[in-house]
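Peer 1: Quick one: the structure is below, and I'll ask about it shortly.
The values are calculated or read from the model by the stated rules, or taken from the named source; none is laboratory data. Predicted model, so just to flag it, every value in this text is computed and none were measured. Counting neighbours? That spans all protein chains shown, and the Cβs are built from the backbone with ideal geometry, glycine included.
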Amino acid sequence: MSFKGEIEAKCPKGCEPFEAEVWSYVRGDQDEALRNAVLAREFNMLLCPTCDTPFFPEASYVYFEPPADILAFVFPESYREKEAYWREKMHADFAAMKQSLGAELGLDVEPELFFGIDDIGELLEREDWHRDERDVMEFIAKDLGLSLYRVKAGFARKNGIPASLPYSGKKAARSSVIEGLGKLLAANDRLTVFKDYLERLKSEKDLPPESPAHA
C-alpha cells in the first residue's frame, strides 16, 4: 500500500509557503497510476496556489516494486552534492523499515539511491524495455516448447543479463539454457540481449541465481 505525508512546500518563486500532501512511500507494482507518474517525471509535482507555478518540493520518498527487486530511496536533486551523507541516511532508514515492513520487503532486497526525477524515471524505462523484450522471448519460447528459468531480478539488473532464460528439457542447467538460447535465436536472431548473454554464458561455469519466487 502506498501512503502520503504532509509537508510545508515552498514555491521556487518565493511565494508564501503552503501545506501540501505528497507521496512518501509508493508500491509501484500495486498502483499503476503512481508508477506512470514516476515514469513520466511528474511524480509529487505541486502547483503553487499563489502563482500557479508547477514545481517539485524538497521531499524524499521510497519507491518499492518487489517483482523487479527495486527498492529506491529518492531524494531531491539538490541533495546530490552530499551524496555520502544521504547514502548513510538511506541505510539507517532502511534498517528502520525492515523493523516495520520486514515481511513485505523480503530478506535479501537491497536499497538503491537516486536523486531528482530523471534517475528513477530512467530506471523504470529500462525495466519496461527489458520486460518487453522478455515478453517477446517468452512467447517464442512457449511456441518452441521451451521452459523458463527466472533469474533473480535485482541480480539480473545489476549484471546486465536477462531476467528470464529459456531452456530445453526438464531441468534448468547451464547446458540446457545454452541449448534453449540456441533454439530461441535460431527462431529470432534479433533478440540481441539474449544473443549477448549466450556468448557470455558459454564462458561461465554456473547459471545466475534463481528468483526466490520460482526456486
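Peer 1: So which residues in segment 38-51 are aliphatic (A, V, I, L, M), more than 14 Å from Val62 (Cα to Cα) and either in contact with a Phe, Trp or Tyr (Cβ under 9 Å, 6 or more places away or on another chain) or part of a helix (DSSP H, G or I) (or both)?
Peer 2: At the first step, the residues of segment 38-51 found to be aliphatic (A, V, I, L, M) are 38-40, 45-47.
Among the residues that remain, those that are also more than 14 Å from Val62 (Cα to Cα) are: 39-40, 45-47.
Selection gives Leu39, Met45, Leu46, Leu47.
Peer 1: Looking at segment 133-215, what helices (runs of 4 or more DSSP H) fall wholly within it and have at least 1 residues that are touching a Gly at 6+ places or on another chain (Cβ under 8 Å) and farther than 24 Å from Leu123 by Cβ? Show your work before the answer.
Peer 2: On the way: elements: 153-159, 174-187, 192-202.
It comes to 174-187, 192-202.
Peer 1: While we're on this one: Being at pLDDT below 95, closer than 30 Å to Glu81 by Cβ and surrounded by 14 or more Cβ atoms within 10 Å (Cβ to Cβ) narrows it down to one residue among Glu210, Glu112, Glu133; which is it? So that I can check it myself, show each step before the final result.
Peer 2: Numbers: Glu210 fails: closer than 30 Å to Glu81 by Cβ; Glu133 fails: closer than 30 Å to Glu81 by Cβ.
Being at pLDDT below 95, closer than 30 Å to Glu81 by Cβ and surrounded by 14 or more Cβ atoms within 10 Å (Cβ to Cβ) holds for just one of Glu210, Glu112, Glu133, which is Glu112.
Peer 1: Given the conditions (1) surrounded by fewer than 17 Cβ atoms within 10 Å (Cβ to Cβ); (2) at pLDDT below 95; (3) of a type in the set (A, V, I, L, M); (4) outside the structural domain of Ala33 (by TED's automatic domain parsing), and given that Ile161 satisfies all but one, which numbered condition is not satisfied?
Peer 2: Of the numbered conditions (1) surrounded by fewer than 17 Cβ atoms within 10 Å (Cβ to Cβ); (2) at pLDDT below 95; (3) of a type in the set (A, V, I, L, M); (4) outside the structural domain of Ala33 (by TED's automatic domain parsing), the odd one out for Ile161 is (1).
Peer 1: Select from segment 169-189 the residues that are of a type in the set (S, T, N, Q) and within 29 Å of the chain's Cα centre (by Cα) and write down the one among them that is surrounded by the fewest Cβ atoms within 10 Å (Cβ to Cβ).
Peer 2: First, pick out the residues of segment 169-189 that are of a type in the set (S, T, N, Q): 175-176, 188.
Still in the list and also within 29 Å of the chain's Cα centre (by Cα): 176, 188.
Working: Ser176: 20, Asn188: 14.
So, considering only residues that are of a type in the set (S, T, N, Q) and within 29 Å of the chain's Cα centre (by Cα), the one surrounded by the fewest Cβ atoms within 10 Å (Cβ to Cβ) is Asn188.
Peer 1: Does segment 56-76 contain any residue that is of a type in the set (S, T, N, Q), outside any loop (DSSP other than H, G, I, E, B) and either surrounded by 14 or more Cβ atoms within 10 Å (Cβ to Cβ) or at negative phi (or both)? Walk me through it before giving the result.
Peer 2: Of the residues in segment 56-76, the ones of a type in the set (S, T, N, Q) are 60.
Filter once more, so that each one left must be outside any loop (DSSP other than H, G, I, E, B): none.
The answer is no; no qualifying residue exists.
Peer 1: Then there's this: Is segment 27-46 home to any residue that is of a type in the set (D, E, K, R), under 24 Å from Ala153 (Cβ atoms) and surrounded by fewer than 13 Cβ atoms within 10 Å (Cβ to Cβ)? Outline the logic, then answer.
Peer 2: So in segment 27-46, the residues of a type in the set (D, E, K, R) come out as 27, 29, 31-32, 35, 41-42.
The next check asks that each one be under 24 Å from Ala153 (Cβ atoms); those that pass are 27, 29, 31-32, 35, 41.
Still in the list and also surrounded by fewer than 13 Cβ atoms within 10 Å (Cβ to Cβ): 32.
Yes: one or more hits.
Peer 1: Can you confirm whether Leu198 is within 29 Å of Glu110 (Cβ to Cβ), at pLDDT 95 or above, in contact with a helix residue (DSSP H, G or I) (Cβ under 8 Å, 6 or more places away or on another chain) and buried (at least 16 other Cβ atoms within 10 Å of the Cβ)? If you could, list the steps in order and put the result at the bottom.
Peer 2: On the way: within 29 Å of Glu110 (Cβ to Cβ): yes; at pLDDT 95 or above: yes; in contact with a helix residue (DSSP H, G or I) (Cβ under 8 Å, 6 or more places away or on another chain): yes; buried (at least 16 other Cβ atoms within 10 Å of the Cβ): yes.
In short, yes.
Peer 1: Going residue by residue through segment 176-186, is there one that turns out to be closer than 16 Å to Leu148 by Cβ, without any contact (Cβ under 8 Å) to a residue 40 or more places away in the chain and of a type in the set (Ser, Thr, Tyr)? Even if it seems obvious, please write down each step before you answer.
Peer 2: Let us first name the residues in segment 176-186 that are closer than 16 Å to Leu148 by Cβ, namely 176-185.
Narrowing further to those that are without any contact (Cβ under 8 Å) to a residue 40 or more places away in the chain: 176-183, 185.
Going one step further and asking which of them are of a type in the set (Ser, Thr, Tyr), we end up with 176.
Yes - at least one qualifying residue is present in segment 176-186.
Peer 1: Hey, another quick one. Of a type in the set (Gly, Ala, Ser), crowded, with 17+ Cβ neighbours inside 10 Å, under 30 Å from Val193 (Cα atoms) and in contact (Cβ under 8 Å) with a residue 24 or more places away in the chain: does that describe Ala141? Reasoning before the result, please.
Peer 2: Details: of a type in the set (Gly, Ala, Ser): yes; crowded, with 17+ Cβ neighbours inside 10 Å: yes; under 30 Å from Val193 (Cα atoms): yes; in contact (Cβ under 8 Å) with a residue 24 or more places away in the chain: yes.
Here the answer is yes, as Ala141 does meet what is asked.
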